[in-house]
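The values are calculated or read from the model by the stated rules, or taken from the named source; none is laboratory data. Just so we're clear, the structure is a prediction, and the values are computed from it rather than from any experiment. Positions of Cβ are generated from backbone atoms using ideal geometry, with glycine treated the same way; all protein chains shown enter the neighbour counts.
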Amino acid sequence: MFQSLGKYILLLQLSFKKPEKFSVYWKEVMLEMVSVGIGSLGIISIISVFIGAATTIQVAFQLSSPLVPRSIAGSIARDSNILEFSPTISSLVLAGRVGSSFASQIGTMRVTEQIDALEIMGVNAPGYLISPKIIAGITMVPMLVIISIMLGITGGYIACIVTGDITPADYIMGVNEGFDGLTIRVALVKAFVFGFIIASICSYQGFYTSGGALEVGQSATAGVVYSCVWILFADLMITSIML
Amino acid sequence: MIEVKDIYKTFGDNEVLKGISATFHTRKNNLIIGGSGSGKTTLLKCIVGLHEPTKGQVFFEEQNFTEMDFTERVPIRTQIGMLFQNSALFDSMTVEENIMFPLNLFTKQSKEEKLERANFCLERVNLKGKNKLYPAELSGGMKKRVGIARAISMQPKYLFVDEPNSGLDPKTSILIDELIDELTTEYEMTTVVVTHDMNSVMGIGDHIIFLHQGQKWWEGSSKEIAHTDNKELNDFVFASKFMQAAKSKL
């Protein structure tokens, strides 16, 4: 385990060495941003709306006491979305969608000698392949999380209209009540860290692939599994530190 | 000129190279031949720095390549072109982008100049007009030629070729061999080719090193190879019925 950790840290060090030519790296960063951001927008939107709706319905179901105002469902759904569902669930989904793509892309390049070709040319392969992915991860995951929060809250509103468990006015009132900006900061810190975890761990798994197609698949699986575990661990740590 | 001195390479308990020393001459096709598992590709990867030798040194024009770190190696690496066994073209790039890739990173040429160089290289390997194709759209022989075009785009001093004929039909193999031979003369390169193809050996083998069980077993030219009394080399060279028939006519 310590050997893997050492290799991971050394790979990250290599990834952030000075680029051979900034313009070439910049192009790669833009391509990765489009791939991570625009490419994941569909799945993140669908998940966010449904989770937001389901959360609101469940909270409304549990608010059986007449002493508790119905608008509280909006507040609970909002905070649940901001603090947990949008950053964590979105990141777990992104680990599957983006992380597996990173690991398999780099792993395929490894087993087909494309990484060797880069190194022969004198290109810092970790820098060229991994740093754009990490930059894309730490910038686009927070953006996706912000979109996810908005859509999650919108999903809750739609659930109110469709089911009638809570009136939309109560829901909106709850969403506006007692909002604390700290929750957004926590969500963005989580998203930043999760983006880094997904990009770096999956790239690491891909970079050290050896063998053939079977091993590329195994690297992608390992990348997703490790990313998910570390996302959940980091979620706990950030939550306990910041809240 | 490239010189390797007493190279050893071990993977775990498996000692693949056992003290190989050799000199690879400029303007010559230096062939490393041997059976499967003899250590040919490992030796090639030790020379270019993809594997670090367990012991021994590699010199490029008397510069100790083995002792250099990654950054110090870059000036030498920009003078190296390599054709990989499976061509190793970048899947996400077109033919033209593949060839321009090293130029983009290591030169200050304008886009027009880089494009002109890419077109020249493509023309040189008889692939004029294939600029916009992706590697997945190319045949095996075309991939090899694009690999060669990419390898020569920076006008290298050293060309390394790993199994240039693998997966190719005999006619295309000969074309690739001829291309390597012509480019070696044209660019005055030190060319090192790893192969077990006897057509290549007899066709372009100016200087041949035969590896057997990780050791240098024999060294000579294509003219000398048919007349050696080295048993292991004879077993390798005359393994096919075609070569046996050719030998009986010698």
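Taking the stretch B:1-33, which residues are under 24 Å from B:E178 (Cα atoms) and touching a residue at least 24 places away in the same chain (Cβ under 8 Å)? First the steps, then the outcome.
Taking the stretch B:1-33 and keeping what is under 24 Å from B:E178 (Cα atoms), we get B:1-2, B:23-33.
Answer for the stretch B:1-33, where residues must be under 24 Å from B:E178 (Cα atoms) and touching a residue at least 24 places away in the same chain (Cβ under 8 Å): B:M1, B:I2, B:F24, B:H25, B:T26, B:R27, B:K28, B:N29, B:N30, B:L31, B:I32, B:I33.
With a requirement of 1 or more residues that are under 13 Å from A:L144 (Cα atoms), the helices (runs of 4 or more DSSP H) lying completely within the stretch A:12-90 that satisfy it span A:22-33, A:39-62. Inclusion of B:I99 among residues that are part of a helix (DSSP H, G or I) and either in contact with a Ser or Thr (Cβ under 6 Å, 6 or more places away or on another chain) or away from chain A (no Cβ under 12 Å) (or both) is warranted. The residues listed here are A:F85, A:F102; of these, the one that is within 14 Å of chain B (Cβ to nearest Cβ), surrounded by 18 or more Cβ atoms within 10 Å (Cβ to Cβ) and aromatic (F, W, Y) is A:F102. The set of residues in the stretch A:23-71 that are within 14 Å of chain B (Cβ to nearest Cβ) and not aliphatic (A, V, I, L, M) comprises A:S23, A:Y25, A:W26, A:K27, A:E28, A:E32, A:S35.
Every condition in (1) more than 13 Å from the chain's Cα centre (by Cα); (2) among the hydroxyl-bearing types (S, T, Y); (3) surrounded by 17 or more Cβ atoms within 10 Å (Cβ to Cβ); (4) within 21 Å of A:Q114 (Cα to Cα) holds for B:S173 except the one numbered (4).
Check whether at least one residue in the stretch B:22-44 is of a type in the set (K, R), surrounded by fewer than 18 Cβ atoms within 10 Å (Cβ to Cβ), in the same structural domain as B:I180 (by TED's automatic domain parsing) and at positive phi, and report yes or no. It would help to see each step written out before you state the result.
Initially, the stretch B:22-44 is screened for residues of a type in the set (K, R), giving B:27-28, B:40.
This time we only want the ones that are surrounded by fewer than 18 Cβ atoms within 10 Å (Cβ to Cβ), so: B:27.
If we keep only those that are in the same structural domain as B:I180 (by TED's automatic domain parsing) too, we end up with B:27.
Checking the rest, the ones that are also at positive phi come to B:27.
Yes; the residues of the stretch B:22-44 include at least one that is of a type in the set (K, R), surrounded by fewer than 18 Cβ atoms within 10 Å (Cβ to Cβ), in the same structural domain as B:I180 (by TED's automatic domain parsing) and at positive phi.
Contact map, the stretch A:178-204: residues that are under 21 Å from A:F16 (Cα atoms) paired with residues that are among the acidic types (D, E) and assigned to a helix (DSSP H, G or I), Cβ distance under 9 Å, separation 6+ or inter-chain. Pairs shown: A:V193/A:D235; A:F194/A:D235; A:A199/A:E32. Quick one: count up the residues across the stretch A:204-231 that are surrounded by fewer than 23 Cβ atoms within 10 Å (Cβ to Cβ) and either in a loop (DSSP other than H, G, I, E, B) or touching an Asp or Glu at 6+ places or on another chain (Cβ under 7 Å) (or both). Number satisfying all stated conditions: 4.
So that you can scan it fast, the table gives a plain yes or no per residue for (1) free of Cβ contacts under 8 Å to residues at least 40 places away in the same chain; (2) within 27 Å of A:W26 (Cβ to Cβ):
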{"site": "B:V48", "(1), (2)": "no, no"}
{"site": "B:T78", "(1), (2)": "no, yes"}
{"site": "B:V95", "(1), (2)": "no, yes"}
{"site": "B:F120", "(1), (2)": "yes, no"}
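When we screen A:T112, A:T167 for residues that are of a type in the set (S, T, N, Q) and surrounded by fewer than 20 Cβ atoms within 10 Å (Cβ to Cβ), the only hit is A:T167. Note on the stretch B:213-235: residues that are buried (at least 16 other Cβ atoms within 10 Å of the Cβ), out of contact with any Phe, Trp or Tyr (no Cβ under 8 Å at 6 or more places or on another chain) and closer than 20 Å to B:L43 by Cα total 2.
Please determine, by comparing only the residues of the stretch B:58-80 that are surrounded by fewer than 18 Cβ atoms within 10 Å (Cβ to Cβ) and among the aromatic types (F, W, Y), which one is modelled with the lowest pLDDT. Only one residue fits best here, namely B:F70.
When you check B:R124 against the structure, is it surrounded by fewer than 19 Cβ atoms within 10 Å (Cβ to Cβ) and either in contact (Cβ under 8 Å) with a residue 60 or more places away in the chain or not assigned by TED's automatic domain parsing to the domain that holds B:S21 (or both), yes or no?
Working: surrounded by fewer than 19 Cβ atoms within 10 Å (Cβ to Cβ): yes; either in contact (Cβ under 8 Å) with a residue 60 or more places away in the chain or not assigned by TED's automatic domain parsing to the domain that holds B:S21 (or both): yes.
Criteria met by B:R124.
When you look at A:L10, is it out of contact with any Cys (no Cβ under 9 Å at 6 or more places or on another chain), within 14 Å of chain B (Cβ to nearest Cβ), surrounded by fewer than 17 Cβ atoms within 10 Å (Cβ to Cβ) and in contact (Cβ under 8 Å) with a residue 24 or more places away in the chain, yes or no? So A:L10 fails the test.
Restricting attention to the stretch B:48-104, the residues that are basic (K, R) and farther than 17 Å from B:A22 by Cβ total 2. For the condition more than 14 Å from chain B (Cβ to nearest Cβ) and in a helix (DSSP H, G or I), A:I138 qualifies. If you check B:L168 against the conditions, is it over 13 Å from the mean Cα position of the chain (by Cα), part of a helix (DSSP H, G or I) and among the hydrophobic types (A, V, I, L, M, F, W, C)? It is false that B:L168 is over 13 Å from the mean Cα position of the chain (by Cα), part of a helix (DSSP H, G or I) and among the hydrophobic types (A, V, I, L, M, F, W, C).
Against the condition part of a strand (DSSP E or B) and surrounded by 14 or more Cβ atoms within 10 Å (Cβ to Cβ), how does B:T191 come out, does it pass?
Values: part of a strand (DSSP E or B): yes; surrounded by 14 or more Cβ atoms within 10 Å (Cβ to Cβ): yes.
Taking the combined requirement at face value, the residue satisfies it.
Criterion first (within 19 Å of the chain's Cα centre (by Cα), charged (D, E, K, R) and not assigned by TED's automatic domain parsing to the domain that holds B:K128) does B:E61 satisfy it? So B:E61 fits the description; yes.
Take the residues of the stretch B:33-88 that are in a loop (DSSP other than H, G, I, E, B) and among the hydroxyl-bearing types (S, T, Y): which is nearest to the other protein chains (Cβ to nearest Cβ)? So that I can check it myself, show each step before the final result.
Just the residues of the stretch B:33-88 that are in a loop (DSSP other than H, G, I, E, B), to begin with: B:35-39, B:49-54, B:61-62, B:65-69, B:78-79, B:84-88.
Filter once more, so that each one left must be among the hydroxyl-bearing types (S, T, Y): B:36, B:38, B:54, B:66, B:78, B:87.
Working: B:S36: 17, B:S38: 20, B:T54: 19, B:T66: 15, B:T78: 5, B:S87: 8 Å.
Applying the filter and picking the extreme gives B:T78.
Annotation: of all residues in the stretch B:154-164 being surrounded by fewer than 22 Cβ atoms within 10 Å (Cβ to Cβ) and away from every other protein chain (no Cβ under 13 Å), the one that is farthest from B:M142 (Cα to Cα) is B:K157.
For the subset of the stretch A:107-126 comprising residues that are in a helix (DSSP H, G or I) and within 14 Å of B:Q79 (Cα to Cα), which member is farthest from the other protein chains (Cβ to nearest Cβ)? Before you say what the answer is, go through the steps one by one.
Our first condition is that a residue be in a helix (DSSP H, G or I); within the stretch A:107-126, this holds for A:107-111, A:114-121, A:125-126.
Filter again for within 14 Å of B:Q79 (Cα to Cα), leaving A:117-121.
Details: A:A117: 4, A:L118: 8, A:E119: 6, A:I120: 5, A:M121: 5 Å.
Per the stated criteria, the residue is A:L118.
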